[in-house]
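Data block below; observations after.
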2 protein chains.
Amino acid sequence: MSYRAPVEEVAFFLKTCTALPLLMEQGLVDLSFDVVDPVLEEAGKFAASVIAPLDKVADKQGCTLKDGTVTTPEGWRAAYEAWTAAGWSSVAAEEEFGGQHLPTSVTSALTEFWNSASPAFGIGGVLTMGAIEALTAHGAPELQQTYLTKMVAGTWTGTMNLTEPQAGSDLAALRAKAVKQADGTYRVFGTKIFISYGEHDIAENIVHLVLARLPDAPAGTRGISLFLVPKVLVNADGSFGERNDVVCAGIEHKLGLHGSPTCTMVFGEKGEGAIGYLVGEENRGLACMFTMMNNARLAVGIQGVAVAERATQRAFAYAKDRRQGKAPGFEGSAPIIAHPDVKRMLLTMRAETDAARAICLKTADALDRAHRLPDPSARAAALAEASLLTPVAKAFSTDIGIEVASTGVQVHGGMGYVEETGAAQHLRDARIFAIYEGTNGIQAIDLVTRKLPQEGGDVVNAVIADYRDIAAEVAALNAPDFGHTGVRLAEAVDALARATRKMLDWLPSDQAKALAGATPYLRLFARAAGGAYLAKVALAAYGERAAGGTDPRLAARIALARFFAENLATEAKGLEEAVTSGANGVLEAEAVLAVA
Amino acid sequence: MSYRAPVEEVAFFLKTCTALPLLMEQGLVDLSFDVVDPVLEEAGKFAASVIAPLDKVADKQGCTLKDGTVTTPEGWRAAYEAWTAAGWSSVAAEEEFGGQHLPTSVTSALTEFWNSASPAFGIGGVLTMGAIEALTAHGAPELQQTYLTKMVAGTWTGTMNLTEPQAGSDLAALRAKAVKQADGTYRVFGTKIFISYGEHDIAENIVHLVLARLPDAPAGTRGISLFLVPKVLVNADGSFGERNDVVCAGIEHKLGLHGSPTCTMVFGEKGEGAIGYLVGEENRGLACMFTMMNNARLAVGIQGVAVAERATQRAFAYAKDRRQGKAPGFEGSAPIIAHPDVKRMLLTMRAETDAARAICLKTADALDRAHRLPDPSARAAALAEASLLTPVAKAFSTDIGIEVASTGVQVHGGMGYVEETGAAQHLRDARIFAIYEGTNGIQAIDLVTRKLPQEGGDVVNAVIADYRDIAAEVAALNAPDFGHTGVRLAEAVDALARATRKMLDWLPSDQAKALAGATPYLRLFARAAGGAYLAKVALAAYGERAAGGTDPRLAARIALARFFAENLATEAKGLEEAVTSGANGVLEAEAVLAVA
């Protein structure tokens, strides 16, 4: 099945549901849709024609490790070179380092396209982009000078080295160490695991960002520093020096994402340590890493959207083609898309995918406002909004990435279970997104314990008020096409509002209850947010149609918002109950754990 | 991680929540728990010690096909021979053919154990058992004579040959044909796909049950006949004759269940047809096949439970061992089981698994009553109850099989994505259960269109009344350990009752709406049923504790029923809304399908 990037869908969202038109109008981005539209179009074509055809082959071949050298799948390097040559590696970075500095809402759409075409390919770009952000924000000028231009051009790639065997979600347990040298450099020692693209053959050099502890560092997360450790050392004139003492000691045999080498990296194995350079200040590494993590979290959410989109396209194509059973209006066997139960599966896939995309693009939009608006308080408010939405974007999108891919297998019936078909690969690929860059449990805890209390709850309450306005607007419109959308959406928003109050009440004194309900709370949040954003899209579509628009997609957007509100947002009440009255049942279930 | 069969859990359920004690007391089964307990115990040991150790190796090796011969994984044949030698292949069959004729509630528990140990191994037994049932019910005496004893002994295995490339869920589209010969035998021609254990090297002969059409047969499902086609022909004296003209032309490369060969079977390739024997009457093959399908559907539900159980055990073991982060009461890093969010994941896994098992065992219990009670009307009522519960048992258990296995991966974090750990295999294996033996969509349609209208709705209403009684009993008890169980359960049952009424209203005149809501309706049914059965278990546990019982599992059963009611049964209201007011949004969403 060939992939078709959802260019029109993204463009419609950017034009009707984000601040991008306003930023353009006010000259806060030096851009117009005359540029953005062709960029989306070209990226979609590149993803579909150059990257997508490699995805299944890469899954089959995987990566191999021999004597510290990783060989990526056939065609991988050529595709990567074509991708960088076309300028796609540089879309997000600052112009100073050769980047195009496009708005995050636009680059997020591009991230989706690459990752729909092949998430194993796309994750490499996600990590390099994160490393670029961290270096841009925290790197010393000479480090930026040496490394950033090359990374932005894609000549060199970047990695994030956080995880150690005993330190996954718990970064406080990190043991890798770094020792300062007389010349101001550091020597880094330790073993890192699960390092995506830690070693590969697609680019000349690899810039590892590594978390490690100084000998005299405080315990816990306040004693972690961030270091840049290049695979090949770079001389002052930019020429390559010696190979640094960092090697790939193993690659994982994984459920999916086979085209992406997941490496165990050993630093300083030879004894004297890998040469590293401090990024930011000593013992402030976690803050630096979070710069890249937040970006990466949104990008991983987009990976979830991306695979969901691909799985949805594949399921629709199959369901239109495959004939089984009778249905009104069809001679002989009907295509299975005509069966109400299959329709429900397909609509669920499409609605969850588009809702997750909307949440991700609204997060990106908040980041754009945070970075581009002139008014400092508006910027701060937008940044707080982005902070709030990021864990929702990451966790919800990756959860539905798995669910949608799984439903895609189901739509294919027995053929879905056969690897040749391709549907199963999406499920295998998507499964990691809920885990890496902070598990979805960690995201839920971050949302509840750190993001809800922002400004005493004002940030979340403003967002909820926005959702309520959208529901009210739909209700006021009272258009038959929207069915019960207004009512169902208002119910979901009310449920979110009540659960939010309960969470804020619990946080100071009863945190365990808040933690016990964090995951259903995040899902509840996404039910209201997804429903609201899809309704916002639908309202815009309704407006265009009323103004004479005839694109059949306008009606589709309204029908989709309705389906989401009536069939998926309805989960909100039950989720609220799980949050507000289910916690004791979790916390008092020690008896179950004791006998397990 | 070693597998431990949930022997005590099953025994407690059989003793407190099924008719088995009554059937024993009244001499309707020739059995006591003095026999059943050791049978469960021994089966659990066999599953854990002989089968379970092969599961991962089999997944890695898979099966190979060369010149029509399938080689199964190392150890597979020896394990199968040990399994049959120990008598495990014969537990369900009639005594007349060498079977032990144990109650279905007991054999279902055994089916769970084999499939927890290895579903790729277990599915072979499931299919042979189905074939035995069909032959027992519909086979002519001479066919039974020749084949059944060997199949019951496990010397020969059985298959179900339904699916063809153009006929998956739609059996009316079958094209395989059969031509009657002068000697009363038939010649069978055609290609069947997705035939589990269609060819293998673990037993001497394979007895294929094949659906095919006679030349003059009516179109559609009323023109399908069932044939027995042995791999090796059997002479009148029971000795082997020639090889029949049926060959394995290919095996599938699947997402999981690698130890189970999934074959493309070609009948009559040489031109004269494979020799076959009619089972039952001409053109009545579908009815015969449904005998084996219903049994197999329950068994596949149990496969879902089985893999969920294994995944749950693995996740608990990991969560007790893996240390990350701080938690009250732990020096240094705490085991992740101490974190409320992880607790919720583990409790969800355990609760869904036990609820699904309860639904399956209650289905089996209804079958036992249908076959063993003396009163014909009680038997008929029990059979109708089993018919009603079978699609719920199949679809819900296999849905949660996937969900629980996926959550199991999540509990393991990054390690869950590495194949070596074993968690990912459960997800890969479980994914097929929702598809084979009738997709879960087909189950939901069967439930709504064929099972709800039984006796004008009396059958379903009686079951709902039973659930309501359980909720009322919990509420009346008013014991603090149960939390809000009574209220939440009553709400779920009320939601089910309302949705059921709506479905029954729609069926005669508005079937598309009923079909559009079938899947959420089935889930709603399982939310009420699972909650009620777990509460029934909890009430029994409460009673034992009140009578002085000190087993810590008693408290665990109460806590689990509470968790389910307060955190999972709460989905009921939203599901009801999707069923009762979401259908239009499905049926009127043509605009979405049109632009896809």
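Residues of the stretch A:557-576 include at least one that is surrounded by fewer than 24 Cβ atoms within 10 Å (Cβ to Cβ), within 11 Å of chain B (Cβ to nearest Cβ) and over 25 Å from the mean Cα position of the chain (by Cα).
The listed residues are A:Ala212, A:Ala217, A:Ala182, and the only one of them that is at pLDDT 95 or above, crowded, with 23+ Cβ neighbours inside 10 Å and among the aliphatic types (A, V, I, L, M) turns out to be A:Ala212. So how many residues does the stretch A:18-32 have that are assigned to a helix (DSSP H, G or I) and touching an Asp or Glu at 6+ places or on another chain (Cβ under 8 Å)? So the answer is 2. For A:Tyr417, the criteria (1) within 30 Å of A:Lys320 (Cα to Cα); (2) among the hydroxyl-bearing types (Ser, Thr, Tyr); (3) open to solvent by 30 Å² or more (accessible area, probe 1.4 Å) hold in every case but one, which is (3). Mind listing just one residue for me: the one in the stretch B:220-242 that is of a type in the set (A, V, I, L, M, F, W, C) and open to solvent by 50 Å² or more (accessible area, probe 1.4 Å) and, of those, modelled with the highest pLDDT? The residue in question is B:Phe240.
Note on the stretch B:348-373: residues that are within 7 Å of chain A (Cβ to nearest Cβ) and surrounded by fewer than 24 Cβ atoms within 10 Å (Cβ to Cβ) total 0. Here the stretch A:577-591 is the region considered, the condition is being at the interface with chain B (Cβ under 7 Å from one of its Cβ atoms) and open to solvent by less than 10 Å² (accessible area, probe 1.4 Å), and the residue that is nearest to A:Val404 (Cα to Cα) is A:Ala578.
Test A:Gly220 against the stated conditions and say whether it is touching a helix residue (DSSP H, G or I) at 6+ places or on another chain (Cβ under 6 Å) and of a type in the set (Gly, Ala, Ser). When the stated conditions are applied, A:Gly220 passes them.
Residue by residue, here is whether (1) in the same structural domain as A:Thr353 (by TED's automatic domain parsing); (2) open to solvent by less than 50 Å² (accessible area, probe 1.4 Å); (3) touching a helix residue (DSSP H, G or I) at 6+ places or on another chain (Cβ under 6 Å) holds:
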position: A:Glu41; (1), (2), (3): yes, no, yes
position: A:Phe46; (1), (2), (3): yes, yes, no
position: A:Lys56; (1), (2), (3): yes, no, no
position: A:Gly75; (1), (2), (3): yes, yes, yes
position: A:Ala82; (1), (2), (3): yes, yes, yes
position: A:Ser90; (1), (2), (3): yes, yes, yes
position: A:Gln100; (1), (2), (3): yes, no, yes
position: A:Ser105; (1), (2), (3): yes, yes, yes
position: A:Ala120; (1), (2), (3): yes, yes, yes
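Here A:Val70, A:Val35, A:Val50 are screened, and the one residue that is open to solvent by less than 20 Å² (accessible area, probe 1.4 Å) and not in a loop (DSSP other than H, G, I, E, B) is A:Val70.
Residues are listed down the side, and each one gets a yes or a no for (1) closer than 25 Å to A:Val279 by Cβ; (2) assigned to a helix (DSSP H, G or I); (3) in contact with a strand residue (DSSP E or B) (Cβ under 8 Å, 6 or more places away or on another chain); (4) touching a residue at least 24 places away in the same chain (Cβ under 8 Å):
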| position | (1), (2), (3), (4) |
| --- | --- |
| A:Ser105 | no, yes, no, yes |
| A:Ala109 | no, yes, no, yes |
| A:Ala120 | no, yes, no, yes |
| A:Gly124 | yes, yes, yes, yes |
| A:Leu127 | yes, yes, yes, yes |
| A:Ala131 | yes, yes, yes, yes |
| A:Ala137 | yes, yes, no, yes |
| A:Gln144 | yes, yes, no, yes |
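Look through the stretch B:298-329, keep the residues that are small (Gly, Ala, Ser), more than 30 Å from B:Asp446 (Cα to Cα) and open to solvent by less than 40 Å² (accessible area, probe 1.4 Å), and return whichever of them is modelled with the lowest pLDDT. Checking each candidate, the answer is B:Ala327.
Please work out which one of (1) surrounded by fewer than 18 Cβ atoms within 10 Å (Cβ to Cβ); (2) more than 21 Å from A:Val463 (Cα to Cα) is the condition A:Pro376 fails and give its number. It fails just one condition, (2).
The values are calculated or read from the model by the stated rules, or taken from the named source; none is laboratory data. Values in this document were obtained by computation on a predicted structure and should not be read as measured data. Neighbour counts run over all protein chains shown; Cβ positions are idealised from the backbone, glycine included. Calculation scope for accessible area: heavy atoms of the full protein, side chains included, ligands and nucleic acids excluded. Shrake-Rupley method; radii C 1.70, N 1.55, O 1.52, S 1.80 Å.
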